[in-house]
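S.K.: Handing you a structure now.
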Amino acid sequence: MKKIFEKLNKAQSLAVKQTEGPVLILAGAGSGKTTTIVSRLAYLIEEIGIPASNTLTLTFTNKAAKEMRERALGMMTQVAYPPLLCTFHKFGLLFLKFNIHLLNRENNFVVIDTDDKKRIIKKINSEMPTPLIASEISRYKNSLMTPDDAYKQAELFNYQQIAKIYEEYEVYLNENNLVDFDDLISLTYKLLEQNPELAEKTSKKYQYIMIDEYQDTNELQLKLLQKLCMTHKNICVVGDDDQSIYGWRGAHIRNIMEFDQDFIGASVFKLEENYRSKEPILKIANSLIEHNRSRLGKKLIPTRGGGEDVAILNSNDENEESRKIAQQINKLLDSGIRAKDIAVLYRVNVLSRSIEEGLNRAGIAYKLVGGLRFYDRAEIKDLISYIRVITNFHDDFSFKRIINKPKRGLGKASIDKIELAAHANSTSIFEYITHVSIADLENLVKKKNAATLKDFIKKIAEVAKVSTESTYNFVEVLEDTFHLKNIYAGMQDEAERILNMDEFYGLFRDFVKNYPESSLDEFLNELTLQSEQDQVEGESIYMMSIHASKGLEFDHLFVIGMEEGFLPLVGDGSDLEEERRLGYVAFTRAKETLTLSHAGSRFYKGRRTDLQKSRFFNEAGLCEGSLIVEKNTAFKKGDLVRHKVFGTGRVIGVSKSGREFKLNINFAGTKREILASFVERL
């Protein structure tokens, strides 16, 4: 027990010991949240004697899950089976592997990534914007809406079209035994909802549930957790309402704000001692976030003492800004600071361009987190598609990607003919080519191509057989059989692509070495669950959006774009409270020094625009300025509110009225203007 508690402060210790009933651990930035959650897991298993198999700990990134797992196991002495500690999506994947048959689906499904999803959508409809359709399908799934529900709800013709595309998309996934990221959660919930006995059995199995980064959960994840807690109330969530920055992708701040309403009788613990940042950094972070009204309330308390004041970098334009930042980074590097301890953050991705150019001119190595991911490169996607077909002969989507790689003399028209013939025979392309006679195949493609296709199918079957006998040697057999490196022979970037392929083969061998019992489809699914933050490693300056930086920390930090319109984003659809939370997250990534940079003008969207300094300088107490420091209303257009007399209504406008805010509210057709202090948000 001493090992568990020796590094915990009083608040952390109390939170760890509260093992029964709902628990909310409100953990400020850098307050040792990971230490607390892993200590609590170790305490449950080591001291209370809860079997590891009866615990479930969920988080949002593989990086966080790996770190937490290693730290928790380091505190335990006797664990026959390690506790299940993984991401929400990995939990969904494991659950579906065991239970998807209840939906009349095979358990050898493959998880598709965002790029695959967009390709499928584009194939169904190339006229409408693919990102919009992909986003709407994701929204439908997270709202548990069927294509039929989506169609009935759609008022505009465009959205009726999207509902139809959603229907075709779902048919395609089912026919090819594919699931997308959203399915990992939505199908898991669907199974628990439709099978009460399974829900009860699952809830009884996971008697102690812990959730990391609870402020990032969405409505569907809350519903899933409520199902998992149907036989008990032992749920402990750790999070920070001040770091809720994913509203744009469905995360719901109400989940943490109203935890005590969703799980009655909750105990609340606040972790406010900050072990990361120097005092001047915390002072401005506290000052900024205090301007938000929708928060549970806490203050970061410095434990590392004083340090350098937060620096403000003034520049005329983005080119001057990039020169100054490159000079400051060079000074840091010359003083012995390691490159990986320095980062540049921005609210809008487009701002990275000028800084990239400045660092390039100064000869400073950098890594753009969230740029083209390793697994998104064409040569790696080709390799993954080969493995997908080898694990699932019926994966037409992947089969069509590799049918002509390396070149086999097949044009698009020939491939389309084969696909149509396969569909007419209600079978996959692979099965069709396998069983059709060579004569019938020659009616669709040239005689030479027909023989090539038959040979290709035969080789895939042979390699598939090898994969079940010796997983470790699989990649050598794959390369020797299909000569995939030849695809890129003679290309300008041939050497780089082959290096990437060799890197992939090395990663595969590493995976097999670490998980010798694993199958090929388990390797594929692990790849699909990779996240942006898994890129953060190695010796270089890091550049990333504030969103991508969450959960990370750097000794020396630069935040650029501190102007109205960039940070905060202003205008329709922006939420000033969430913008402040983004500023708070950015500031609290810094450990030793923090530099906030703004430019008088930027070249943006094709023209140079004069900019005004961010109001956040004023709100953080860093400088006087022309902007009035004011606490912003917690209400915005679209919010549902309740009034004592008029009942429930929807906000259709917000305006300033002296020191107060006036809301224009639609109460079931009757519009009234009411001061914000006279209503409550629902």
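S.K.: Can you tell me the length gained on complete extension of the stretch residue 167 to residue 71, counting 0.36 nm per residue apart and subtracting the Cα distance?
M.R.: Once the chain is fully extended between residue 167 and residue 71, it gains 30.1 nm.
S.K.: Let me have the relative contact order for the stretch 342-493, percent, based on Cα pairs under 8 Å that are six or more residues apart.
M.R.: Working: 91 pairs, mean separation 27.3, N = 152.
That works out to 18 percent.
S.K.: How far, in nm, would the chain grow between residue 648 and residue 570 when pulled straight, counting 0.36 nm per residue and subtracting the alpha carbon separation?
M.R.: Numbers: separation 78, 0.36 × 78 = 28.08 nm, distance 2.77 nm.
Residue separation times 0.36 nm, minus the Cα-Cα distance, leaves 25.3 nm.
S.K.: A follow-up question, please. Using alpha carbons only, what's the Rg to Rh ratio of the chain with Rh from Kirkwood?
M.R.: Rounded to two decimals, Rg over Rh is 0.98.
S.K.: Along each of the three principal axes of the Cα atoms of the stretch 465-510, give the extent in whole Å, ordering the values from largest to smallest.
M.R.: Result for the stretch 465-510: principal-axis Cα extents of 37, 21, 8 Å.
S.K.: So, one more: Kindly provide the helix-only [θ] at 222 nm of the chain, computed as the sum of -39,500 (n - 2.57) over DSSP H runs of four or more divided by all residues, to the nearest 500 deg cm²/dmol?
M.R.: Numbers: 29 runs with 306 residues, N = 682.
Rounded to the nearest 500, the figure is -13500 deg cm²/dmol.
S.K.: Which net charge results when you count Lys and Arg as +1 and Asp and Glu as -1 among the other residues whose beta-carbon is under 12 Å from that of residue 265?
M.R.: Values: positive: 233; negative: 20, 260, 262.
Combined, the nearby Lys, Arg, Asp and Glu give -2.
S.K.: Going down the table (123/637; 340/591; 407/446), which pairs top 25 Å between alpha carbons?
M.R.: With Cα atoms farther than 25 Å apart: 123/637.
S.K.: Tell me the per residue accessible area of the stretch 261-353 using a 1.4 Å probe; a whole number in Å² is fine.
M.R.: Working: 4520 Å² over 93 residues.
On a per-residue basis, the stretch 261-353 sits at 49 Å².
S.K.: How many times 2.2 N^0.38 Å is the alpha carbon radius of gyration of the stretch 174-323?
M.R.: My calculation over the Cα atoms of the stretch 174-323 gives 1.42.
S.K.: If one computes P(r) from the Cα atoms of the stretch 36-185, what percent of pairs lie at distances over 27 Å?
M.R.: For the stretch 36-185, the fraction of Cα-Cα distances above 27 Å is 40 percent.
S.K.: Given a Förster distance of 25 Å, report the FRET efficiency between residue 664 and residue 293 from their Cβ-Cβ distance, rounded to the nearest 0.05.
M.R.: Values: r = 19 Å, r/R0 = 0.75.
Calculated transfer efficiency: 0.85.
S.K.: So between residue 115 and residue 272, what do we pick up on full extension, going 0.36 nm a residue minus the alpha carbon distance? Present the calculation step by step, with values, prior to reporting the outcome.
M.R.: Details: separation 157, 0.36 × 157 = 56.52 nm, distance 4.05 nm.
Fully extending the segment from residue 115 to residue 272 adds 52.5 nm.
S.K.: Roughly how many nanometres apart are two label points built 7 Å out from the Cα toward the Cβ at residue 362 and residue 466?
M.R.: Distance between the two pseudo-spin positions: 5.0 nm.
S.K.: Once Lys and Arg get +1 and Asp and Glu get -1 on their Cβ, which of 84, 147, 107 lies farthest toward the positive end of the dipole of the stretch 61-217?
M.R.: 84
S.K.: Shifting gears a bit: For an R0 of 51 angstrom, estimate the FRET efficiency from the Cβ-Cβ distance between residue 495 and residue 320 and round to the nearest 0.05.
M.R.: 0.85
S.K.: Now a separate question. How far apart, in nanometres, would the label points at residue 106 and residue 152 be if each is projected 7 angstrom from Cα along the Cα-to-Cβ direction?
M.R.: 3.3
S.K.: Of the listed peptides 544-557, 353-366, what is their order by residue-averaged count of other C-beta atoms within 10 Å, with the highest listed first? Kindly include the intermediate steps, with their values, before the conclusion.
M.R.: Details: 544-557: 20.8, 353-366: 16.5.
Sorting 544-557, 353-366 by mean packing, highest first, produces 544-557, 353-366.
S.K.: Using Cα positions and a limit of under 24 Å, work out the lysines in reach of residue 644, with same-chain residues fewer than 8 apart set aside.
M.R.: 636, 656, 662, 671
S.K.: Set the Förster distance to 45 Å, then compute FRET efficiency between residue 481 and residue 143 from the Cβ-Cβ distance, nearest 0.05.
M.R.: Using R0 = 45 Å, I get an efficiency of 0.50.
S.K.: Which stretch or stretches of the stretch 543-579 have amide N atoms under 15 Å from the point lying 7 Å from residue 637's Cα along the Cα→Cβ direction?
M.R.: Backbone N within reach: 570-576.
S.K.: Heavy atoms only, probe 1.4 Å: what % of the accessible area of the chain goes to carbon and sulfur, would you let me know?
M.R.: 49
S.K.: Can you work out ³J(HN,Hα) from phi for every residue in the stretch 230-245, in order, using Karplus 6.51 cos²θ - 1.76 cosθ + 1.60 and θ = phi - 60°, giving whole Hz and x for Gly and Pro?
M.R.: 5, 9, 7, 10, 8, 10, 10, 10, 10, x, 9, 4, 6, 10, 7, 10
S.K.: Could you grab the relative contact order for the chain? Cα pairs under 8 Å, six or more apart, rounded to a whole percent.
M.R.: 16
S.K.: Accessible area per residue of the stretch 1-138 at 1.4 Å probe, in Å²?
M.R.: Per residue, the stretch 1-138 has 44 Å² of solvent-accessible surface.
S.K.: Of the cross-linked pairs 66/190; 458/485; 324/367; 381/459; 63/227, which ones have a Cα-Cα span greater than 23 Å in the structure shown?
M.R.: Too far apart for the 23 Å limit: 66/190; 63/227.
S.K.: Is there a quick way to get the dipole size of the chain? I mean about its Cα centre, with the Cβ of Lys and Arg at +1 and of Asp and Glu at -1; what is the value in debye to the nearest 20?
M.R.: Using Cβ point charges on Lys, Arg, Asp and Glu, the chain gives about 940 debye.
S.K.: Between residue 510 and residue 260, what is the label-point separation in nm under the 7 Å Cα-to-beta-carbon projection?
M.R.: 4.6
S.K.: Rounded to whole Hz and in sequence order, give me ³J(HN,Hα) for the stretch 462-474 from the Karplus expression 6.51 cos²θ - 1.76 cosθ + 1.60, θ = phi - 60°, writing x for Gly and Pro.
M.R.: Each residue's phi maps through the Karplus curve to give 5, 5, 4, 5, 4, 4, 7, 8, 8, 5, 4, 8, 4 Hz.
S.K.: Could you state the principal axis extents of the C-alpha atoms in the stretch 358-515, from the largest down, to the nearest angstrom?
M.R.: Per principal axis, max minus min of the Cα coordinates gives 64, 36, 27 Å.
S.K.: Could you give me D for the stretch 440-578, from Stokes-Einstein at 37 °C and 0.692 mPa s, where the hydrodynamic radius is the Kirkwood radius over C-alpha pairs? Units µm² s⁻¹, please.
M.R.: 162
S.K.: Right, something else. Using the Cβ atoms and a cut-off under 11 Å, what net charge is assigned to the surroundings of residue 388, where Lys and Arg are +1 and Asp and Glu are -1?
M.R.: -3
S.K.: Where both residues lie in the chain, what percent of DSSP beta bridges are antiparallel, nearest 5?
M.R.: Given both bridge residues lie in the chain, the antiparallel proportion sits at roughly 35 percent.
S.K.: Give the Cα extents of the stretch 42-100 along the principal axes, in whole Å, largest first.
M.R.: 35, 24, 15
The values are calculated or read from the model by the stated rules, or taken from the named source; none is laboratory data. Please read these numbers as outputs of a predicted model, since none were measured by experiment. Cβ: placed from backbone, ideal geometry, glycine included. Neighbour counts: every protein chain shown. Note: accessible area is taken over every heavy atom of the protein model, side chains too, but ligands, DNA and RNA are not part of it. Shrake-Rupley method; radii C 1.70, N 1.55, O 1.52, S 1.80 Å.
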